[in-house]
1. Quick check on region 182-193. Is at least one of its residues in contact (Cβ under 8 Å) with a residue 60 or more places away in the chain, in contact with a helix residue (DSSP H, G or I) (Cβ under 9 Å, 6 or more places away or on another chain) and either assigned to a loop (DSSP other than H, G, I, E, B) or aromatic (F, W, Y) (or both)?
2. Exactly one condition in (1) open to solvent by 50 Å² or more (accessible area, probe 1.4 Å); (2) over 18 Å from G168 (Cβ atoms); (3) at pLDDT 90 or above; (4) of a type in the set (K, R) is not met by R107; state its number.
3. Could you look through region 174-188, keep only residues that are among the β-branched types (V, I, T), under 18 Å from V86 (Cα atoms) and at pLDDT 85 or above, and pick out the one that is farthest from the chain's Cα centre (by Cα)?
4. Being part of a strand (DSSP E or B) and β-branched (V, I, T) is the filter here, so list the residues in region 62-102 that pass it.
5. Among the residues that make up region 110-123, is at least one of them free of Cβ contacts under 8 Å to residues at least 12 places away in the same chain, open to solvent by 10 Å² or more (accessible area, probe 1.4 Å) and in a strand (DSSP E or B)?
6. Would you check if V86 is open to solvent by less than 10 Å² (accessible area, probe 1.4 Å), under 20 Å from T189 (Cα atoms) and in contact with a Pro (Cβ under 7 Å, 6 or more places away or on another chain)?
7. Can P136 be described as part of a helix (DSSP H, G or I) and surrounded by 13 or more Cβ atoms within 10 Å (Cβ to Cβ)?
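The values are calculated or read from the model by the stated rules, or taken from the named source; none is laboratory data. Treat the numbers as computed from the prediction; the structure is a model and nothing was measured. Positions of Cβ are generated from backbone atoms using ideal geometry, with glycine treated the same way; all protein chains shown enter the neighbour counts. SASA here: full protein model, heavy atoms, side chains in, ligands and nucleic acids out. Shrake-Rupley method; radii C 1.70, N 1.55, O 1.52, S 1.80 Å.
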Amino acid sequence: MKTPGHPRPTPADRPDDLGRLLVTTADLTDAGLDDFIELQAPSSDEDPPPMTAATPELTDLLNRAFGDRAAREVRTSFMNADSTIVVDQGVSERPAGAAATWMADIRRVYAQCAAWTMSIGGQDINVRVVDPAADPERGSGDEALLRTMLAGPPGRQVRITTLLVRDGDRALELTFRTLATAPDTPEATRLATATTKFLALAPAKFLGLPPPD
């Protein structure tokens, strides 16, 4: 897991037909999100770190679910002008039935693991689920899941909100990462506005629906 503060390079080209399901900078401009630019390399384009849950069985589930690799996948990342919000997006395709199995594993993680630990660079980082949000209603495909977590020590926590949408054997992953801020602050308002717009825009693009108003 990386925190905001990456360099701001230029966008890279997309491989194969899955790339057309990703949000582009033009889509963001049309949606009033022109404060964001695309990074050259996805900021989440690496294997997840080892994770430990409360029991060996949950640890196996956790690492299997978050370490699952799709047969085909494209990714992109965006960052806002002051580098305080990073948005990662991925579209993947799995063999027949595998996407539904993967989503079931992810649901089990959130249902059974209220917290876990990630090992990064010799340090253990605590992750805690703070918002068991209701599944989205609009643009949800076959199924959708939305969860929010806090990672890191108090005072330096990163807030992570993840949306997963499955449509047949394809899946959308949309993740927002920012330093945790107090409610009712300008930073919290900006994050809420950007999150709401991305949560409407990305699933619509992925599912081939008209852009949100």
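1. No; the residues of region 182-193 include none that is in contact (Cβ under 8 Å) with a residue 60 or more places away in the chain, in contact with a helix residue (DSSP H, G or I) (Cβ under 9 Å, 6 or more places away or on another chain) and either assigned to a loop (DSSP other than H, G, I, E, B) or aromatic (F, W, Y) (or both).
2. The failed condition is (2).
3. T178
4. Residues of region 62-102 part of a strand (DSSP E or B): 72-80, 85-93.
Within region 62-102, V74, T76, I85, V86, V87, V91 meet the criteria.
5. Yes, that holds for at least one residue.
6. Yes, satisfied.
7. Values: part of a helix (DSSP H, G or I): no; surrounded by 13 or more Cβ atoms within 10 Å (Cβ to Cβ): yes.
No: the conditions fail for P136.
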